[in-house]
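Trainee: Structure incoming, see below.
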Amino acid sequence: MPNLSAFRPIFLFMPFVLAACANPVETRAASSYEFAELAAPRAAGIRLTVVITARTSAPEAILFEGGNWLTERPMAHSAVLVCHRDGLVMFDTGLGRQIDSQFEDMPLLLKPLLSYEVTSPVADQVDLDVFCPGRPLEIALSHMHWDHASAIEDFPDTPVFVPDSELASARQSGNGHGYLASQFDDPDIDWRGLDFTGSAYRNYPSSLDRFGDGSVVFVPMDGHSAGSMGLFVNMPDGQSWFFTGDTSWSLDGFTRPAHKNAIIRVIVDRDVAGVEQELQRVHALLEREPGLVVIPAHDFNAYPPEAIYPRVIEAVELRMPDEG
């Protein structure tokens, strides 16, 4: 996502220009959706943390229409780690060890808009064998844009789950449309197709229950890219988390709801109408489930402090399968 702070003087006149380009999102009441009945998750326990790999910032008017051009918002590039009895899921990778060399392939005109300050890659911050001992790692991507797929090759021999449509779009785009080919061109990457063949879930028409117990559930999220998806993590204590990738860059995009800045969304969103449907869907979901924790990938203000690594959310003590 952009870091446009250096361009603040230019943007002082932009509200007047963009007012004519505004595209208000009409709300849809929760009652207009069909909600699938939810069964209680059957996982013995879940351990969850959000690992910040880099920081940036942007005027909030870039992040959502109606935001203030003079208010700076802290943003982050992060990975989500979910330790389940049957495996360890990394949802998005954040920025990896090779980000500086990868970024050299970014189109020249975009480089000033996409600056970042690396904190530390996941591979250098987290001992995965300590965080989730004995579980095999797998990576799942909300989508394959440069700031979500950078660290794939930091974890060799790790299966990478992504919808076929997203992988095809990334390969076709090369170093364009938000993708950087050097992040996913290793022929040894263990790609795994991900199909939403499961039943309706909440107000989503299809889903994929990764471990079959209702605790880690992927859903398709149209619009931002060819195969974007979100992740629900449902704790045994009843708390649910929804990681929404880049459908919105800010929680405000769902609560208002509101699109990204008019110019930015034309650049970064593949299908603006599809994004609008997802903004409406999540808005309605929050109306129905006000306790749901919704976390857009880059919105640092939406990260609960208790979930930011090295802090860890843990509902129930996890045990290895052979521990009974």
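The values are calculated or read from the model by the stated rules, or taken from the named source; none is laboratory data. In this text the structure is predicted, and so the values were computed from the model without any measurement. Using ideal geometry, Cβ is built from the backbone for each residue, glycine included, and neighbour counts are taken over all protein chains shown.
Trainee: Filter the strands (runs of 3 or more DSSP E) completely within segment 148-230 down to those with at least 1 residues that are under 27 Å from E276 (Cα atoms) and touching a Pro at 6+ places or on another chain (Cβ under 8 Å).
Mentor: Per the criteria, 190-193, 216-220.
Trainee: If you go through segment 196-210 one residue at a time, do you hit one that is at pLDDT 95 or above, charged (D, E, K, R) and either within 27 Å of E104 (Cα to Cα) or touching a strand residue (DSSP E or B) at 6+ places or on another chain (Cβ under 6 Å) (or both)?
Mentor: yes
Trainee: A further question on this structure: For segment 81-132, what are the residues that are closer than 24 Å to F211 by Cβ, under 18 Å from the mean Cα position of the chain (by Cα) and among the small types (G, A, S)?
Mentor: G94
Trainee: Of the numbered conditions (1) surrounded by fewer than 17 Cβ atoms within 10 Å (Cβ to Cβ); (2) of a type outside the set (V, I, T); (3) at pLDDT below 95; (4) part of a loop (DSSP other than H, G, I, E, B), P112 satisfies every one except a single condition; which is it?
Mentor: Going through the list (1) surrounded by fewer than 17 Cβ atoms within 10 Å (Cβ to Cβ); (2) of a type outside the set (V, I, T); (3) at pLDDT below 95; (4) part of a loop (DSSP other than H, G, I, E, B), P112 breaks only (4).
Trainee: Could you check segment 253-267 and list, in sequence order, the residues that are over 18 Å from the mean Cα position of the chain (by Cα) and either of a type in the set (S, T, Y) or part of a loop (DSSP other than H, G, I, E, B) (or both)?
Mentor: Those that are over 18 Å from the mean Cα position of the chain (by Cα) and either of a type in the set (S, T, Y) or part of a loop (DSSP other than H, G, I, E, B) (or both): R256, N261.
Trainee: Could you check T93 against (1) buried (at least 20 other Cβ atoms within 10 Å of the Cβ); (2) at pLDDT below 95 and say which number it fails?
Mentor: In the conditions (1) buried (at least 20 other Cβ atoms within 10 Å of the Cβ); (2) at pLDDT below 95, T93 misses (2) alone.
Trainee: Does R73 satisfy being part of a strand (DSSP E or B) and not hydroxyl-bearing (S, T, Y)?
Mentor: Yes: the conditions hold for R73.
Trainee: For residues that are out of contact with any Ser or Thr (no Cβ under 7 Å at 6 or more places or on another chain) and in a helix (DSSP H, G or I), scanning just segment 37-70, find the one that is surrounded by the most Cβ atoms within 10 Å (Cβ to Cβ).
Mentor: Among those residues, the one meeting the criterion is I62.
Trainee: Take segment 161-220 and flag every residue that is of a type in the set (D, E) and closer than 30 Å to R42 by Cβ.
Mentor: Hits for segment 161-220 are D164, E166, D190, D195, D209, D213.
Trainee: Give the residues of segment 203-239 that are surrounded by 23 or more Cβ atoms within 10 Å (Cβ to Cβ), over 19 Å from L167 (Cβ atoms) and not aromatic (F, W, Y), sorted by residue number.
Mentor: Within segment 203-239, S215, V216, V217, V233, N234 meet the criteria.
Trainee: From D154, D185, D164, grab the single residue that is in contact (Cβ under 8 Å) with a residue 24 or more places away in the chain and surrounded by fewer than 16 Cβ atoms within 10 Å (Cβ to Cβ).
Mentor: D164
Trainee: Here is a follow-up. Being under 19 Å from the mean Cα position of the chain (by Cα), farther than 20 Å from T56 by Cα, among the hydroxyl-bearing types (S, T, Y) and surrounded by 15 or more Cβ atoms within 10 Å (Cβ to Cβ) narrows it down to one residue among S169, S142; which is it?
Mentor: Among S169, S142, only S169 is under 19 Å from the mean Cα position of the chain (by Cα), farther than 20 Å from T56 by Cα, among the hydroxyl-bearing types (S, T, Y) and surrounded by 15 or more Cβ atoms within 10 Å (Cβ to Cβ).
Trainee: Looking at segment 268-307 only, could you name the residues that are part of a loop (DSSP other than H, G, I, E, B), among the charged types (D, E, K, R) and in contact with a Gly (Cβ under 9 Å, 6 or more places away or on another chain)?
Mentor: D269, R270, D271
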